[in-house]
Each structure stands twice: as structure tokens, then as C-alpha cells.
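The next block holds one structure in the form of C-alpha cells; read it before the comments.
The values are calculated or read from the model by the stated rules, or taken from the named source; none is laboratory data. Everything quoted here is computed from the prediction, not taken from an experiment. In this analysis, Cβ positions are derived from the backbone assuming ideal geometry, glycine residues included, and neighbour counts consider all displayed protein chains. Ligands, DNA and RNA are excluded from the accessible area calculation, which covers all protein heavy atoms including side chains. Shrake-Rupley method; radii C 1.70, N 1.55, O 1.52, S 1.80 Å.
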Amino acid sequence: MDEVIQVTQWLSSITPRKKAKLFFFTTHADAPSPMVGSNDVDTHEGTQLPLATTVALHNFKNIDEFLKKKVNTFSCYNVIENEITKTDYEYLRFYSACKYLDVVPPFLDLEKISAIQNKFEMTDEERDYRLLLDSADLVLDKVCDSLKPAGVSQMWTALRKDRNLIRGVKTIDIIGFFVDPNPTGIKECLFFFIVRFLQKADKINRVNTNRLERLIAQCDESSSSEEGKTIDFIIDSLRFYPTELYPFGFCLIMCVIEGRDGAMQEIEKTLEISRHLGMITHTEKNPTKETIELVKKELMKPKYQFYSSFTCWFMSHGDSNSMVLADGETIEREWFLTSFPDISTFQMKPNVFFMVSCRGANKSSLKGDEFEGQSATCDYYDIGSALIRNGMLDITDSVREISYVQPMMDTLVAYSTILDHLSGRANTHGSIYVDRACVLMSENISRRRSLTEILEHLSQDLHEILQETMDEDRIVYKQACHYDSFFRKTLKLPYTRHPKEDVHSAPQ
């Protein structure tokens, strides 16, 4: 059959809503801009125009033309060995979006996809199409589904009132002030236009979504399309790190075995919980400085940008400032922690470090029967609390900037013990901290608790356990763990999402 006819038949089989979603996922905001083998500069107007004309004319002609062009480009594309091009990224994004929406063209060359995955050095686990989907886009897609057409129209009205933001943007004028978002697929096109516009204007990204939240806050309570879900509930969904679908992230386990009884059990437990959480995992036994440098170099490869989070377990002996490696050499704990967040593939994504080692020789020995506990509290800022906000500083958009990010932002470091103190171990089971952390994460996974909630529970649980030193003094003591957080969003743990157990249901 003629290829033109095949493409036409394929497009005619896709609903307007899915066409809008396919366009949105394919024009991924964070896709690399011009790379080897591409003359296509992804301009603001270029990605916005098809959405704008579709909303204005209630006609999907321009989106159809965009998708046809994509298919034709991929059909003529020759996969170049070694060099990763912009088209490679686009091909993988397009394929994963089609797979997710259940609209894969029957004529799409899957051998080319396999060849591109080879260039990225992807393992069998990493060839799962869900890895290639952008979690932030999936969250935004769900937000769109949660809003009625009237709600998206109210967002548009609020955006149009921001004269400084929209001044001189031609695609804004194409849509006009008043929009009818009710025809099938138009609501999606309008919402995705708003999102991509704010991203291109550098007002929102995968972490900073305040500007979008403020627009959604303008919607009436009746604008939610799901019964029982309020506008505040929809806004709250943007305050979590986007870690949708499989895999939850990449997990690196580094464990010094030499001279550490129970170390193999530590590896087994952390491996089990990381897989239970739906992570793709790599283990390094008896790491050295050379090992660490090689791992850092590996994590800079392009394929790791597809991951939504990074977790590292580092288990060894240590003192207040350093950790002991397998060859007896030491590394500064601070150097280790600050070197990983510099890796660009995991920037603006949650980075979690579990540092399991002694940080000194002190012991919090027991001196009585009375113990005091403290519960953690947190402040919640209600975006709609005008009464409170009236007495606060008026922080305008002109003094907000989201493109530059401090190196340690979006990083959480969990320590098995406090400074200058021991980190307890059991001879047969290894670190007690590792054991309790894995148990609590496993117990709480189906409850959709946040990582910090679990770490607070871990702090309480660990501090209840009486431990005893193995020396002749046999001192009974308690261990206190803690964490330092530079998170800008909340990291929720997922439901169990092992790739073999995940049953995919295509969106409508």
C-alpha cells in the first residue's frame, strides 16, 4: 500500500483528543535543541502555531500536517552509528507516545528504534517504552484530564490578562480572547498551548510550576471533571516530583563488604526494595575512588536523562568527615555528595542519598527510663489565602527566575546516624538502619506516602531500638538518624510497578 495512504488511514483512526496528546508528548519542552544531524531549530512559534490554529479554527489540519511530517522524517531517516542526533531523541519520544496512547503506526520501523536504543547503550530493562516518556508531561496530561473545558477557558482568560507576559506573541492573538473549548480535543489543545507557552517563556519547568498553579487557582470549583476532586486537589498534584509510570528512577548501590559483617544482606535488602519500588538498579561491591569516577562518567551518558529520579545507597565504615573504601583509602563525604548533583542528566529531578556509615565513635548511652519525643510539623501555604497574602511582600514575576539552579537543589541526603556518633550493625544482618528503612518503605509503598514521611517514621522507629556495643564495655545505646533536604517538591513513593507486573491501560 502507498505510504501516503497508510499515513492518512493512520491519522483518521486517531481521535482528536489523542492527536492533541500525541502532539504534546512529541513536542517535549526539554528535548535537546539542535544537535548533530538536525537543522530544525525548535522555536517558540513553531511548536505553538499548530495548537493555536487548531483552537482558533476547531480544525486539526495543522496538527495532522505536523504528525505527517514527523512520520515522513522518520521514514527517510538513516540511523547513524555512534553519533546521537536530535532525530534519535524525537524518534524515541514519538514511538513511546504512540505506544502509550495505543496509536502506533503499523508502518513504523521498529528496527530503527532498536538501532537507536543500541546507540544509547540501553539494556533490556531500559528498552521499556515507559522509560522514554517524560514524567512531567504525563503529570500535566493528567491535570488537563482533571479539568472541564470551562476550567481551561478560565485559565486562558487569566493568562490573557497578563499583558507583560503575552505582549508581542502572535500565537496568542491567533487564538483570540474568547474561546469555545467544548468541541472534542479543543480543551486539550488549549491547555497544552498554555503549558508550552509558559515553558517557552521560562515561567515553568518540571520543578517550578507556581505560575501554572496560579492560573488553575482562577478556575471555579465546578471546573473539576472528577467527582470529589477540588481545584486545590488538582493544584496539589503539581507539588509532587513527577515520577509517573515505570521506572520510578535509577538506583545505585555501593557497598563495602570487606570488614563489614552482614554487608551482603544490606545489598540484598536494598536491591529488593529498589526493585519493589520499580527502579532500575546497578550494584557496585567494594567501591574504590576509581570505581566512583567510572560510575559518575557512566551516569553522564545521554540515556540517563530519561530517568525521573536518582537514588544512591552508600554503605561503608566512616568517621565524622570521611568514608572508608574497599582498598582502605578514604573519601570526603562532602565531596561525594556534592559531585553527583553536578551530573546534568539528573538535574531538576529528585536525588536521594542514603549514607550508611559511622560518623564518629560517640554513643548516646541510656541514663534513665524517661525519653522525650518530638513530632515534625510543616507549614502549608494556601495559594488562595488572600487575607494572609495581603500582609506579605508582593513578589512579582519580574523578580522571579527559574533557569539557574543551585547545585544541591532537589537533593535529599539521609544519614544513618548523627555527626560524631556510631551507626549500629547486627553481625548477621548488617546495618540496622538499612534493615528498618527497607522494611518501612516496603510497608508504606501502597499508601502513597512521601519519602520524608517515611524517613520521619524511620527516625522514630530506629530511636526505639536498644543497641549494644560489641566491645568489652557492652554499652547500651540508642541511634538517631536524620536527613538534610533541598527538595523543592514532595517525592511520593509509587505503588509496586515491576515491569513484568504492570498492565498498561491506554488513555482515551
Residue match in the range 223-239 (condition: closer than 27 Å to THR338 by Cα, in contact (Cβ under 8 Å) with a residue 12 or more places away in the chain and in contact with a strand residue (DSSP E or B) (Cβ under 7 Å, 6 or more places away or on another chain)): yes
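Could you run through the range 350-364 and say how many residues are in a loop (DSSP other than H, G, I, E, B) and either open to solvent by 10 Å² or more (accessible area, probe 1.4 Å) or among the small types (Gly, Ala, Ser) (or both)?
6
Take the residues of the range 200-246 that are assigned to a helix (DSSP H, G or I) and of a type in the set (Gly, Ala, Ser): which is nearest to TYR404 (Cα to Cα)?
Of all residues in the range 200-246, those assigned to a helix (DSSP H, G or I) come to 200, 210-216, 221-223, 231-239.
Those left that are additionally of a type in the set (Gly, Ala, Ser): 222-223, 237.
Values: SER222: 37, SER223: 34, SER237: 24 Å.
Only one residue fits best here, namely SER237.
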Residue that is most open to solvent (accessible area, probe 1.4 Å) [pool: residues in the range 228-250 that are closer than 18 Å to LEU212 by Cα and of a type in the set (Val, Ile, Thr)]: THR230
Some residue of the range 127-136 being closer than 30 Å to ILE116 by Cα and surrounded by fewer than 15 Cβ atoms within 10 Å (Cβ to Cβ): yes
Count - residues of the range 324-356 that are aliphatic (A, V, I, L, M), without any contact (Cβ under 8 Å) to a residue 60 or more places away in the chain and over 30 Å from TYR91 (Cβ atoms): 1
Close pairs from the range 136-160: first over 17 Å from ARG17 (Cβ atoms) and assigned by the TED database to the domain that holds ALA217, partner open to solvent by 20 Å² or more (accessible area, probe 1.4 Å) and among the basic types (Lys, Arg), Cβ under 6 Å, at least 6 apart: ALA136/ARG206
In the range 297-324, the residues that are closer than 28 Å to SER431 by Cα, surrounded by fewer than 22 Cβ atoms within 10 Å (Cβ to Cβ) and touching a strand residue (DSSP E or B) at 6+ places or on another chain (Cβ under 7 Å): CYS312, HIS317, ASN321, SER322, VAL324
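Anything in the range 57-72 that is free of Cβ contacts under 8 Å to residues at least 40 places away in the same chain and either under 17 Å from THR184 (Cβ atoms) or open to solvent by less than 30 Å² (accessible area, probe 1.4 Å) (or both)? List them, or say none.
Residues satisfying the conditions are LEU57, ASN59, LYS61, ASN62.
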Those residues of the range 246-257 which are out of contact with any strand residue (DSSP E or B) (no Cβ under 6 Å at 6 or more places or on another chain) and either without any contact (Cβ under 8 Å) to a residue 60 or more places away in the chain or closer than 14 Å to GLU125 by Cα (or both), in sequence order: TYR246
Verdict on PHE177 being surrounded by fewer than 17 Cβ atoms within 10 Å (Cβ to Cβ) and in contact with a Lys or Arg (Cβ under 6 Å, 6 or more places away or on another chain): yes
Residue count for the range 258-296, restricted to those that are under 25 Å from LEU92 (Cα atoms), free of Cβ contacts under 8 Å to residues at least 40 places away in the same chain and either crowded, with 18+ Cβ neighbours inside 10 Å or β-branched (Val, Ile, Thr) (or both): 2
LYS86 at pLDDT below 95, basic (Lys, Arg) and surrounded by fewer than 14 Cβ atoms within 10 Å (Cβ to Cβ): no
Number of positions in the range 394-446 that are over 21 Å from the mean Cα position of the chain (by Cα) and farther than 25 Å from PHE346 by Cα: 28
Residue in the range 115-123 that is open to solvent by 20 Å² or more (accessible area, probe 1.4 Å) and either under 20 Å from PHE24 (Cα atoms) or not in a helix (DSSP H, G or I) (or both) present: yes
Residues being modelled with pLDDT of 85 or more and among the aliphatic types (A, V, I, L, M) - total across the range 334-368: 5
Single residue of THR43, THR47 found to be modelled with pLDDT under 90, hydroxyl-bearing (Ser, Thr, Tyr) and open to solvent by 40 Å² or more (accessible area, probe 1.4 Å): THR43
Cβ-Cβ under 8 Å pairs, at least 6 apart or on other chains, the range 104-118 side assigned by the TED database to the domain that holds VAL7, far side in a helix (DSSP H, G or I) and among the basic types (Lys, Arg): SER114/ARG127; GLN117/ARG127
